[in-house]
């Protein structure tokens, strides 16, 4: 099988591990910079091309960066039009990157969430703070990623200052209740095909309530409760992802989903859990491409 990995950098840990796992299982694998691709959009033979060569794969693994979601998902859609199997569908990736849409979908599915308010550069700061039950609150830029644009405001005055500053940027913002009992830690569950294959607890660096590993946080293996497993699986399914990193807070009222990530990194989860997550991804592709082949195979006469 020929597997294409849509990634801007073949040397990233996640990309290189997927390449390694695919080759170990006997597959041919190519890393394709999706921003350098262009598309031939026709009804007869849709194609994705790179340097004049059609990119022909049995399956693709999208590793689309948050800043290039629009074009990256367009490339994924083009592969889908050409009947190439994608680990995550373009629609699921788009939903996950729109934090507001994802939160709305999760709320409709009754998935546990922190109480959240949303506004566009609101003048009614008092009303927005009241929606989430007052301070302390976490204020987030809707377009922020990897802990950027996320601020903890412990007092109403601080919250008003932060929201006022974001208002000057003409930005979309989320305001969420601060879950004190999580103590600056969150849980990431790695979901593949409706199952949690690995999990870790991430704790923020000293003095930082954000638990992102690249910002100095630490990770340790964790055994999830049945409720946490069920929540992670339901969140991934609701957003429409076969492969997802589901970030949750452990609260007194149960697990609360912060984000569903369509391109979760492998380094932290593999090192903390000891699970060969990359091979699990390739196994998933093998299973699903085999199912597609069986469904489309012509009947014997």
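With the calculation restricted to Cα positions, what are the radius of gyration and Dmax of the range 2-87 in angstrom?
Cα radius of gyration and Dmax of the range 2-87 are 12.4, 38 Å respectively.
Once the convex hull of the C-alpha atoms of the range 116-178 is built, how many Å³ does it hold per residue, rounded to a whole number?
66 Å³
Tell me what the chain gives for mean residue ellipticity at 222 nm when only DSSP H runs of n ≥ 4 count, each as -39,500 (n - 2.57), the sum divided by the residue total, rounded to 500 deg cm²/dmol.
-10500 deg cm²/dmol
Quick one: angle between helix 13-24 and the longest Cα principal axis of the chain, in degrees between 0 and 90, rounded to 10, please.
Taking the Cα atoms of the chain, the angle to 13-24 is about 30 degrees.
Give the calculated FRET efficiency between residue 51 and residue 91 to the nearest 0.05, with a Förster radius of 22 Å applied to their Cβ-Cβ distance.
E between residue 51 and residue 91, to the nearest 0.05, is 0.15.
Highest first, please rank the peptides 68-78, 21-31, 220-230 by the mean number of other Cβ atoms sitting within 10 Å of their residues.
Listed from highest to lowest mean packing, they are 68-78, 21-31, 220-230.
Helix 69-81 sits at what angle to the longest principal axis of the chain, using alpha carbons and giving 0 to 90 degrees rounded to 10?
Here the helix axis deviates by roughly 30 degrees.
For Cα pairs less than 8 Å apart in space and 6+ apart in sequence, what is the mean separation divided by the residue count of the range 2-87, i.e. the relative contact order in percent?
Once divided by the residue count of the range 2-87, the mean separation gives 32 percent.
Across 5 Å bins from the origin, how do the percents of Cα pairs in the range 1-155 run, short distances first?
So the P(r) values, bin by bin, are 1, 8, 14, 16, 15, 11, 10, 9, 7, 5, 3, 1, 0.
Rounding to the nearest 10 and keeping the result within 0 to 90°, find how far the Cα-based axis of helix 226-239 lies from the longest principal axis of the chain.
For 226-239 against the chain, the angle is about 70 degrees.
For the range 218-267 and the range 22-50, compute the distance between their C-alpha centroids and round to whole Å.
30 Å
Two decimals is fine: what is log10 I(q)/I(0) at q = 0.08, 0.11 Å⁻¹ for the chain, from a Debye sum with one equal scatterer on every Cα and no solvent?
-0.38, -0.70
Only the coordinates and a few stated rules stand behind these numbers; no lab work does. Note that the structure is a prediction, hence the values are computed from the model and not measured. A quick note on method: Cβ atoms are made from the backbone with ideal geometry, for glycine too, and the neighbour counts reach across all protein chains shown.
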